[in-house]
Amino acid sequence: MNITIRNAQLEQVPEPDKGYIGKVELVVEGHAEPYEVTLFTKRGKEWDYSLHFLNEPGKEEEILALETLISEDDDTFDRIIDAVWDFYEANEEQPASE
């Protein structure tokens, strides 16, 4: 399954959790609708996620196929996690605008 990540964002959750909430927008080749993966972790360790269509509802069999891939293929899941960390690190290094 060919996946293209279009956008990612990640922000830190304030105390007491000191975790992170992120979102990744992605497109799967051959699927009619784009997806969004919402991610959550406490202290940057184990991640939970929710997969849903980004804009309009799509085909159930397509989202189920992507869900299976994300849950069973560590490389795909790691790629999604890496996308939010890359976004976070890139934005941490930029000076605040005045």
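For the pair Ile21 and Leu69, a Förster radius of 22 Å applied to the C-beta separation gives a FRET efficiency near 0.45, rounded to the nearest 0.05. Modelled spin labels at Arg79 and Arg43, positioned 7 Å past Cα toward Cβ, are 3.1 nm from each other. Taking 0.36 nm per residue of separation and subtracting the Cα-Cα distance, full extension of the segment from Glu92 to Glu60 would add 7.8 nm.
For the chain, the longest principal axis of the Cα atoms and the long axis of helix 74-92 meet at an angle of about 30 degrees.
Among the protein heavy atoms, those of Asp82 account for about 80 Å² of accessible surface (1.4 Å probe, every chain in place).
Note on Phe53: accessible area is roughly 40 Å² with a 1.4 Å probe, heavy atoms of protein only. Of the options (i) 13.7; (ii) 13.3; (iii) 14.2, only one is Kirkwood radius over Cα pairs in Å as computed from these coordinates, and that is (iii).
Solvent-accessible surface (1.4 Å probe) assigned to Leu51 amounts to roughly 30 Å². By accessible area, using a 1.4 Å probe on protein heavy atoms only, the chain has 44% of its surface on carbon and sulfur. Surface analysis of the chain yields an accessible area of 67 Å² per residue, using protein heavy atoms and a 1.4 Å probe.
Ignoring everything except DSSP H segments at least 4 long, calculate the 222 nm mean residue ellipticity for the chain; use -39,500 (n - 2.57) per segment, divide by total residues, nearest 500.
-11000 deg cm²/dmol
Per residue, the average separation of C-alpha pairs within less than 8 Å and at least 6 apart gives the chain a relative contact order of 23 percent.
The values are calculated or read from the model by the stated rules, or taken from the named source; none is laboratory data. Source: prediction; values computed, not measured. Quick reminder, even Gly has a Cβ in these numbers, built from the backbone with ideal geometry, and neighbours come from all protein chains shown. Just so you know, the surface numbers come from the protein's heavy atoms only, side chains and all, with ligands and any DNA or RNA stripped out. Shrake-Rupley method; radii C 1.70, N 1.55, O 1.52, S 1.80 Å.
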